[in-house]
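The values are calculated or read from the model by the stated rules, or taken from the named source; none is laboratory data. Remember, it's a predicted structure, so these values are computed and weren't measured experimentally. Here Cβ is always computed from backbone atoms with ideal geometry, including for glycine, and neighbour counts include all displayed protein chains. The protein model used for the area step is the full one, side chains on, heavy atoms only, and it has no ligands, DNA or RNA in it. Shrake-Rupley method; radii C 1.70, N 1.55, O 1.52, S 1.80 Å.
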Amino acid sequence: MAILEIQDLSMVFGGITALDHVSLSLEAGSITAVIGPNGAGKTTLFNCITGLYKPTRGQVRFKGKRINGMKPYKIAALGLGRTFQNIELFSKMTTLDNLLLGRHLHMKSGVWSGSTFFRRGSRAAAEEIAHRQKVEEIIDFLDLQHARNRFVGGLPYGTQKVVELGRALAMEPEVLLLDEPVAGMNMEEKQDLMIWLGDIKEELGITLLVIEHDMRLVMEISDEIMVLNYGEPIARGKPEEVQNHPEVLKAYLGEESALEVA
C-alpha cells in the first residue's frame, strides 16, 4: 500500500507551469529519488506536498488522507518531515537545542505544568527528560557527539546539513523529504550520509523521498527514480532503467550518451 500518493499534480505561477500533471506513489519503507536539471520543478513538488504551496490541480494523499490545502504544521503533525535546500537552522543555538526544536510536535506540557517543572514528579520534567533522551539517540545515530554543545553557526557546512537531518528525524516522521541532502559535502561526508540514509530506511522504518543531483548517490540508494524536466515527468523506474533512458540523457546532456554516475 502506498503511504504517500501524488495524483495528477500541477502548479502554475502566472503563465509559468512549474509542475505539469505529476503523479507518484511511495511504498512504505522505500527510497524514491526525484531528479532533473535545475529548474525542473523538484523543490516546487516538495513545497506542494508539505503545504507551502497550494497546487493548481491534483491531489496529495498521505495514508489515504488528502492533505493538499492543509496548513504546513498540520501536515508535519501527521508524520511528514523535511529538510531544505538551503539550511534552515538557528545558528546561535547549539546542536542539542536545534534538535530539541524538532520535538515540539510531541510536547504536551502546557503553561501550568511548565510552572511546576522543578517539583518532584512533575509531568513537564518527565517529558523534558524523555525528549532529551530521544535527541541523544539521534546524536549517537548521526555521530554528532562532537557538535552537541557547539553553536550551529560555527560548524562546518557538511555538519550543519547533518544537524538539519537530525532535527527532521527528531520529529519521528513516517515520511521524510530530503532536498539535496549532500549538497556542499565532501566525499567522506557523502559516504557517511549514504550509509545513514540506508539505516534510516532499514532501522527506523522511515520512507524517504529525496531530491539530489549526485547521481552516484541516487543510483546506489534509490528503489525508484522519477525524472522531471520543465515540470513534466519524463521517466520513472528502477535506477538501471532510468540511467540510460533516452529522454533522461537528452534532458541532462543534450544527447544520448551514458549518464555519468561515478
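Tell me which of these Pro72 doesn't satisfy, since it passes every other one: (1) open to solvent by less than 30 Å² (accessible area, probe 1.4 Å); (2) in contact with a Ser or Thr (Cβ under 6 Å, 6 or more places away or on another chain). Every condition holds for Pro72 apart from (1).
Given the structure, is Arg61 exposed (fewer than 15 other Cβ atoms within 10 Å of the Cβ) and at pLDDT 95 or above? Judged against the criteria, Arg61 is not a match.
If the condition is being surrounded by 19 or more Cβ atoms within 10 Å (Cβ to Cβ) and among the charged types (D, E, K, R), then the range 21-53 contributes only Lys42. Could you go through the range 162-181 and let me know if any residue there is open to solvent by 10 Å² or more (accessible area, probe 1.4 Å) and over 14 Å from the mean Cα position of the chain (by Cα). No, because not a single residue in the range 162-181 is open to solvent by 10 Å² or more (accessible area, probe 1.4 Å) and over 14 Å from the mean Cα position of the chain (by Cα). Of all the residues in the range 146-161, those that are under 28 Å from Gly39 (Cα atoms) and in contact with a helix residue (DSSP H, G or I) (Cβ under 7 Å, 6 or more places away or on another chain) number 3. Of the residues making up the range 234-251, those that are under 24 Å from the mean Cα position of the chain (by Cα), crowded, with 17+ Cβ neighbours inside 10 Å, in a helix (DSSP H, G or I) and not polar (S, T, N, Q) are Pro239, Val242, Val248. When Ala33 is tested against (1) within 27 Å of Glu220 (Cα to Cα); (2) in a strand (DSSP E or B); (3) over 18 Å from the mean Cα position of the chain (by Cα), only condition (3) is not met.
I'm trying to understand the selection: among the residues of the range 211-223, which are over 26 Å from Met1 (Cβ atoms), out of contact with any helix residue (DSSP H, G or I) (no Cβ under 6 Å at 6 or more places or on another chain) and open to solvent by less than 50 Å² (accessible area, probe 1.4 Å)? Within the range 211-223, Asp214, Met215 qualify.
The listed residues are Leu197, Leu208, and the only one of them that is part of a helix (DSSP H, G or I), on the phi < 0 side of the Ramachandran plot, buried (at least 21 other Cβ atoms within 10 Å of the Cβ) and in contact (Cβ under 8 Å) with a residue 12 or more places away in the chain turns out to be Leu197. Applying the criterion of being part of a loop (DSSP other than H, G, I, E, B) and within 16 Å of Asn186 (Cβ to Cβ) to the residues of the range 142-161, the residue that is least open to solvent (accessible area, probe 1.4 Å) is Leu155. Out of the residues in the range 182-194 that are open to solvent by 10 Å² or more (accessible area, probe 1.4 Å) and part of a helix (DSSP H, G or I), state the one that is nearest to Leu208 (Cα to Cα). Taking the candidates together, the pick is Met194. Taking residues in the range 1-27 that are part of a loop (DSSP other than H, G, I, E, B), and partners anywhere that are open to solvent by 50 Å² or more (accessible area, probe 1.4 Å), the pairs with Cβ atoms closer than 8 Å and at least 6 places apart or on different chains are Met1/Glu27; Met1/Ala28. Using the structure shown, decide if Met1 is open to solvent by 70 Å² or more (accessible area, probe 1.4 Å), among the aliphatic types (A, V, I, L, M) and over 18 Å from Arg236 (Cα atoms). Spelling it out, Met1 is indeed open to solvent by 70 Å² or more (accessible area, probe 1.4 Å), among the aliphatic types (A, V, I, L, M) and over 18 Å from Arg236 (Cα atoms).
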